[in-house]
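Accompanying notes for the structure given below.
The values are calculated or read from the model by the stated rules, or taken from the named source; none is laboratory data. Please read these numbers as outputs of a predicted model, since none were measured by experiment. Cβ coordinates were reconstructed from backbone atoms using ideal geometry, including for glycine residues, and neighbour counts include every protein chain displayed. Areas reflect the complete protein model, heavy atoms only, side chains present, ligands, DNA and RNA absent. Shrake-Rupley method; radii C 1.70, N 1.55, O 1.52, S 1.80 Å.
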Amino acid sequence: GTTLGTAAAEKGRYFGAAVGTYKFGDSTYMTVLNREFNSLVPENEMKWDHTEPNQSQFNFGNGDRIVSHARSRGMSVRGHTLLWHAQQPPWAQNMSGSALRNAAMNHVTQVATHFRGQIYAWDVVNEAFADGGGGGRRDSNLQRTGNDWIEVAFRTARAADPLAKLCYNDYNTDGINAKSTGIYNMVRDFKSRGVPIDCVGFQSHLGSSVPGDYQANLQRFSDLGVDVQITELDIAQANANAYATVTRACLAVSRCTGITVWGVRDCDSWRSGDNPLLFDCSGNKKAAYGAVLDTL
Ligand code: XIL
């Protein structure tokens, strides 16, 4: 393959990018996007604050634009994200208890139903575990509605869109550590009790090196019977060796189904100053691009 998407497809995987509809009028951006990638994820457009700005008033306009662009070009779509402690609309931030629980699960139902049949994998729950050595849940308004909120969200999502793969997604889970082990234990528990979970996303917002047990960590999750995906990859200064290492790790794990980079060009990145992506601001391929393509 001569592009990221075609090369990944030859290995039975996808290579995707996070996108924003506000850049769809930028021809340099669209040229790279349409040439290189065969999967898209909205960087912001499917988050709670965007999709339900007022309670029970849904706005799917920009999410639909991304889905229709992807579908017209044969790209798959990752949905990001149904429930998260961040980027909640103000009305939800101010809720608690059963009112919040009901509003959250209604949100899952409405959004997953709207996009039913069009999403390859949903990040049903994003970033629900705490950093540091405890391995436990992050405190949040959602967590305070009861520890079962995650499994209820997965069951609710499955009922709304039975064909989408349902993922748990998080960061700082790129090696074997207390946080990733806490998630591992949750996934094992879900599998043993029949809670519908199909995949785990590893955001992989990395410094310039990759944990030595990165591949082993992907492997231990896939050994639980779930797919794994690299969902938000970006690497400080786009270290080419690190990009190659992540790519190699995904190819080495048979249930690693794809890689998504968190933006197209450095200027599109949320990590301003880190130049962490595969294309420079003019849309030129960087060294890391060649390292990834050669590895695929
Ligand atoms: C980031 C977006 O890139 C920014 O545009 C936005 O302002 C904040 O969110 N983990 C996630 C993503 O799961 O949704 C975040 O995206 C980056 C960290």
Of the residues Ala236, Ala288, Ala252, Ala216, only one is within 19 Å of Leu4 (Cα to Cα), out of contact with any Leu (no Cβ under 6 Å at 6 or more places or on another chain) and more than 13 Å from the ligand (Cβ to nearest atom); which? Ala252
Tally, over segment 219-268, of residues that are touching a Cys at 6+ places or on another chain (Cβ under 7 Å) and farther than 19 Å from Trp122 by Cβ: 4
Check whether at least one residue in segment 233-247 is touching a residue at least 40 places away in the same chain (Cβ under 8 Å), closer than 19 Å to Thr81 by Cβ and not polar (S, T, N, Q), and report yes or no. yes
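Each row is one residue, and each column tells you yes or no for (1) more than 15 Å from the ligand (Cβ to nearest atom); (2) over 22 Å from Val41 (Cβ atoms); (3) touching a helix residue (DSSP H, G or I) at 6+ places or on another chain (Cβ under 8 Å).
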| position | (1), (2), (3) |
| --- | --- |
| Ala128 | no, no, yes |
| Asn147 | yes, yes, no |
| Glu151 | yes, yes, yes |
| Leu163 | yes, no, no |
| Thr181 | yes, yes, no |
| Asn185 | yes, yes, no |
| Gly201 | no, no, no |
| Ser204 | no, no, yes |
| Val210 | yes, no, yes |
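Could you grab me the full set of residues in segment 78-89 that are among the hydrophobic types (A, V, I, L, M, F, W, C) and more than 13 Å from Val111 (Cβ to Cβ)? Before you say what the answer is, go through the steps one by one.
From segment 78-89, those among the hydrophobic types (A, V, I, L, M, F, W, C) are 82-84, 86; that's our starting set.
Correct list: Ala86 only.
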Quick one: which residue in Gln110, Gln87, Gln93 is open to solvent by 40 Å² or more (accessible area, probe 1.4 Å), within 29 Å of Thr21 (Cα to Cα) and under 18 Å from the mean Cα position of the chain (by Cα)? Gln87
Could you go through segment 275-283 and let me know if any residue there is without any contact (Cβ under 8 Å) to a residue 40 or more places away in the chain and over 28 Å from Ser27 (Cβ atoms). no
Could you list, in sequence order, all residues of segment 148-166 that are out of contact with any strand residue (DSSP E or B) (no Cβ under 7 Å at 6 or more places or on another chain) and within 12 Å of Arg101 (Cβ to Cβ)? Asp148, Trp149, Val152, Thr156
Would you check which residues across segment 7-50 are hydrophobic (A, V, I, L, M, F, W, C), open to solvent by 10 Å² or more (accessible area, probe 1.4 Å) and out of contact with any helix residue (DSSP H, G or I) (no Cβ under 7 Å at 6 or more places or on another chain) and list them? Ala9, Met30
